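Engineer: I am attaching a structure below and will ask some questions about it afterwards.
The values are calculated or read from the model by the stated rules, or taken from the named source; none is laboratory data. Quantities reported herein were computed from a predicted structural model and do not represent experimental measurements. In this analysis, Cβ positions are derived from the backbone assuming ideal geometry, glycine residues included, and neighbour counts consider all displayed protein chains. To get the accessible areas, we keep the full protein, side chains included, count just its heavy atoms, and leave off ligands, DNA and RNA. Shrake-Rupley method; radii C 1.70, N 1.55, O 1.52, S 1.80 Å.
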Amino acid sequence: MKRTLLLVTAALSIGVLSCKKTPAPTPEPAKPLPINISIPLTKVTDSAYESGDVVGLFVVNDGSSLAASGNHVNNEAFTFDGSAWKSGSDLYWKDNKTAASFYCYYPRMETITSVSEIPFTVKTDQSAQADYQASELLWGSRQNVSPTSNAVEISTTHRMSKLLVYVVPGNGYTAESLAEQNIEVSINNLKTGATLNLSNGEITATGSPIDITPNKEGDHFRALVPPQSLQDQTLISLKVGDYSFSL
């Protein structure tokens, strides 16, 4: 009888132990990844973006449409510090599976009321380097990007047209005598206003035609203007010393 009781006790002990097994912990859901961007293409300096440049960024989740507000990220300011682009806010993807589209433009504007008609105006006097650079507008986008811990690379492209005017020796001038002359160039009858469609980068020229003073660089004059159709008009006015010409 003692042997039988011992066996029963052992079996009961095993049963009690099996009821106290601790369940495996439930894994925590993955945290959304931070949003970072990289913009590799050159800016108006023809070399690179400069420290202190600020772009505006919109991020739209898959299944939504780009709008002036209500996007996942709305016109967020990203500043270039000389080596990377930094945001003043901590930004994250919606989750680790929802793709998103990115829209970027430069220079950033504080208020955007329409993403299909962002207003921009070039300087009418671009003779100073700073005013020539301030007349540039850039845009770029990346579509359907999956969440990633890497910086999203967005290539930006120039949206303004660059008009170049070269003054070369002709009848009565040599290269040396031309270099001694005071040369003045005016670019005439062009619209200086424009609107940018942020979804596709298209530019529409706006406003009334006006004259533009170009920037002199080396052996030529240059100006940034909105892409536009020209009519039968005087486009270039040129003054060399006491002589004036129209093209």
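Engineer: If I filter the range 200-218 for residues that are assigned to a strand (DSSP E or B), among the acidic types (Asp, Glu) and out of contact with any Ser or Thr (no Cβ under 8 Å at 6 or more places or on another chain), do I get at least one hit?
Structural biologist: Among the residues of the range 200-218, at least one is assigned to a strand (DSSP E or B), among the acidic types (Asp, Glu) and out of contact with any Ser or Thr (no Cβ under 8 Å at 6 or more places or on another chain), which makes the answer yes.
Engineer: Quick check: anything in the range 65-77 assigned to a loop (DSSP other than H, G, I, E, B), open to solvent by 40 Å² or more (accessible area, probe 1.4 Å) and either out of contact with any strand residue (DSSP E or B) (no Cβ under 9 Å at 6 or more places or on another chain) or modelled with pLDDT under 95 (or both)?
Structural biologist: yes
Engineer: Contact list please: Cβ distance under 7 Å, first residue in the range 56-77 and more than 13 Å from Leu198 (Cβ to Cβ), second residue open to solvent by 40 Å² or more (accessible area, probe 1.4 Å) and not in a strand (DSSP E or B), pairs at least six apart or on different chains.
Structural biologist: Asn61/His72; Asn61/Lys94; His72/Lys94; Glu76/Ser89; Ala77/Gly88; Ala77/Arg108
Engineer: Scan the range 80-97 and give yes if some residue there is within 30 Å of Val165 (Cα to Cα) and among the aromatic types (Phe, Trp, Tyr), otherwise no.
Structural biologist: In the first step, residues of the range 80-97 are kept if they are within 30 Å of Val165 (Cα to Cα); the result is none.
Within the range 80-97, not a single residue is within 30 Å of Val165 (Cα to Cα) and among the aromatic types (Phe, Trp, Tyr).
For every residue, the table says whether it meets (1) more than 25 Å from the chain's Cα centre (by Cα); (2) surrounded by fewer than 16 Cβ atoms within 10 Å (Cβ to Cβ); (3) within 30 Å of Pro34 (Cβ to Cβ).
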site: Thr98; (1), (2), (3): no, yes, yes
site: Tyr105; (1), (2), (3): no, no, yes
site: Ile118; (1), (2), (3): no, no, yes
site: Thr124; (1), (2), (3): no, yes, no
site: Ser135; (1), (2), (3): no, no, no
site: Asn144; (1), (2), (3): no, yes, yes
site: Leu190; (1), (2), (3): yes, no, no
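Engineer: If I go through the range 150-181 residue by residue, how many of them are over 17 Å from Leu235 (Cβ atoms), under 39 Å from the mean Cα position of the chain (by Cα) and not acidic (Asp, Glu)?
Structural biologist: Qualifying residue count, the range 150-181: 10.
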